[in-house]
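Structure record follows, encoded as structure tokens.
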Amino acid sequence: MFIRKRPELSREAFIEYYETRHIQLIGRLVGGRPKVYRRHYAIGDDALVRRLAVARGDQVVADVAAVTELTFERYDEVEAMVDRMLTAGVLQQVLDDEARFIAPGGISWLMAAPD
């Protein structure tokens with residue numbers, strides 16, 4: 001998941017909410033444990049990244065605040081998590097909570113498979 005924070009939140013406030021409130025809510029509502037659960041937070045306007053991007057003619061991703069990686073042993077575990085997330089009442093609670101710290105439409109999803 002590539003996550004964009006609400007623009008009025010500082011990086012620190014975004015991280016604080018994600019780490020101390022949202023993750024616990026998801027655990028309580030959705031349950032299940034992926035094999036790997038990692039979050040990486042963008043460090044903002046980094047001179048080294050900007051230098052590399054400019055030299056290569058690339059773009060710097062400026063609006064992504066976090067990248068979250070979930071790894072599961074089997075595809076059916078992913079399906080079970082999605083099913084729990086989409087259960088009546090659960091999805092709305094998740095969306096309501098995300099609206100507190102994630103920009104509207106601020107999650108981009110990507111499914112990847114091992115080599």
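Considering only residues of segment 44-68 that are of a type in the set (Val, Ile, Thr) and closer than 19 Å to PRO7 by Cβ, which is farthest from the chain's Cα centre (by Cα)? Applying the filter and picking the extreme gives VAL60.
Using the structure shown, decide if LEU70 is at pLDDT below 95 and either under 15 Å from LYS35 (Cβ atoms) or assigned to a helix (DSSP H, G or I) (or both). Yes, satisfied. Looking only at residues in segment 79-102 that are in a helix (DSSP H, G or I) and free of Cβ contacts under 8 Å to residues at least 12 places away in the same chain, the one that is farthest from ARG6 (Cα to Cα) is GLU79.
Scanning segment 1-38 for residues that are β-branched (Val, Ile, Thr), surrounded by 13 or more Cβ atoms within 10 Å (Cβ to Cβ) and touching a residue at least 12 places away in the same chain (Cβ under 8 Å) turns up ILE3, ILE15, ILE26, VAL30.
All of (1) among the hydroxyl-bearing types (Ser, Thr, Tyr); (2) within 20 Å of MET111 (Cα to Cα); (3) modelled with pLDDT of 95 or more hold for TYR18 with one exception: (2).
Considering only residues in segment 22-46 that are within 23 Å of THR71 (Cβ to Cβ) and charged (D, E, K, R), the one that is modelled with the lowest pLDDT turns out to be ARG33.
Regarding segment 47-59, can at least one residue be identified that is aliphatic (A, V, I, L, M), modelled with pLDDT of 95 or more and touching a His at 6+ places or on another chain (Cβ under 6 Å)? No, segment 47-59 contains no residue that is aliphatic (A, V, I, L, M), modelled with pLDDT of 95 or more and touching a His at 6+ places or on another chain (Cβ under 6 Å). For segment 61-78, filtered to residues that are of a type in the set (Ser, Thr, Tyr) and touching a residue at least 12 places away in the same chain (Cβ under 8 Å), the residue that is surrounded by the fewest Cβ atoms within 10 Å (Cβ to Cβ) is THR71. Contact map, segment 39-60: residues that are part of a strand (DSSP E or B) paired with residues that are of a type outside the set (S, T, N, Q) and surrounded by fewer than 12 Cβ atoms within 10 Å (Cβ to Cβ), Cβ distance under 8 Å, separation 6+ or inter-chain. No pairs are found.
The values are calculated or read from the model by the stated rules, or taken from the named source; none is laboratory data. Model, not experiment: these values are computed from the prediction. Please note: Cβ atoms are built from the backbone with ideal geometry, for glycine as well, and neighbour counts cover all protein chains shown.
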